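So the structure is just underneath, and the comments pick up after that.
What follows is calculated from the coordinates using simple rules that are stated; it is not laboratory data. Computed from a predicted model, the values in this text were never measured in an experiment. With ideal geometry, Cβ positions are generated from the backbone for all residues, glycine too; neighbour counts draw on all protein chains shown.
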Amino acid sequence: MGFRQARMDDIERIVDVIADGRRAMADLGIDQWQDGYPRRSDVISDMDRGVAYVIADEAHDSPIAYAAIILDGEPDYDVIADGDWLTTGTSADPTYTVVHRLSVATSARRRGVASRVFSEACALAVTGGRVSVRVDTHPGNTSMQHALEANGFVRRGTILLSDTAAGTRERFAYERLVGGPGSSR
C-alpha cells in the first residue's frame with residue numbers, strides 16, 4: 001500500500017471510497033455523512049489546499065482510502081466538553097494535526113488501512129512541527145473508536161460541530177501525542 005497526495009485523476013475513485021464509507025455508516029444507523037457530505041467539491045477543495053491524501057493499492061495505484069490531513073487547526077476543537085486536550089494548541093495557533101473525512105473502501109477493510117492513515121498522519125505531524133494528532137468521530141461509530149484506540153489515540157472529551165447540517169453535532173474527540181516540545185501539559 002502506498003501513501004501519497006491525492007491527484008485529480010483519483011477523484012472518481014475517491015468519491016467511490018467515500019460512498020463506501022457513507023453506506024457503512026448508514027448500515028450502522030449513523031446519521032453522519034448521510035446528507036451527501038463529503039462531496040466531490042470538498043475533495044477538490046482538499047486537493048487545492050494540499051491536504052488530500054490517499055492510500056493506494058500497489059498493483060494499480062488506485063485509492064483504497066481517503067483522508068484530509070490538515071496542519072492548520074480546527075475551530076470546532078477550540079472548545080472541548082467533559083475533558084481536555086493533551087496539548088494546548090488552538091485553531092489560531094495549532095500545535096496539532098487533524099484527520100478529517102477518513103474513509104476506507106469496503107474491499108480494503110480489516111487490512112490495516114486506517115492504521116496506515118493514522119501512522120502517516122503522525123509522520124506528517126512531526127514533519128510539520130506538530131506535537132499531536134486530533135480526530136473526532138460520531139458517538140455511534142464504534143468501529144472508528146476502536147481503530148483510534150488501537151492506534152494510540154485517547155478519548156479526551158466531546159466537541160460540537162459548528163455545521164448544524166451534519167446530523168448529530170456531538171463528536172467524541174481523540175488525540176495522540178507524536179512527540180516534540182510542548183507535547184504535554
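Given the -39500 (n - 2.57) contribution per DSSP H run of 4+ residues, what per-residue ellipticity at 222 nm results for the chain, rounded to the nearest 500 deg cm²/dmol?
On the way: 4 runs with 51 residues, N = 185.
Only helices count here, giving -8500 deg cm²/dmol.
Using a 10 Å cut-off on Cβ atoms, rank the peptides 124-130, 76-82 from the highest mean neighbour count down. Don't skip to the answer; put the middle values down first.
Numbers: 124-130: 17.9, 76-82: 15.0.
In descending order of packing, they fall as 124-130, 76-82.
From the Cα trace of the chain, what convex hull volume per residue do you get, rounded to a whole Å³?
Taking only Cα atoms, the chain has a hull volume of 107 Å³ per residue.
Would you look at the GNM of the chain, springs on alpha carbons closer than 10 Å, and say which of Gly112, Gly140, Gly89 moves the most?
Its mean-square fluctuation being the largest, the pick is Gly112.
May I ask you to derive the relative contact order of segment 2-177, considering only C-alpha pairs under 8 Å and at least 6 residues apart, and to give it as an integer percent?
Computed over segment 2-177, the figure is 24 percent.
Gain in length, Arg4 to Arg39, computed as 0.36 nm per residue apart minus the alpha-carbon separation, to one decimal in nm? Don't skip to the end; give the middle numbers.
Details: separation 35, 0.36 × 35 = 12.60 nm, distance 2.05 nm.
Separation in residues times 0.36 nm, less the Cα-Cα distance, equals 10.6 nm.
In a Gaussian network model over the chain where Cα atoms closer than 10 Å are linked, find which of Arg134, Arg39, Arg111 has the largest mean-square fluctuation.
Maximum among the listed residues: Arg111.
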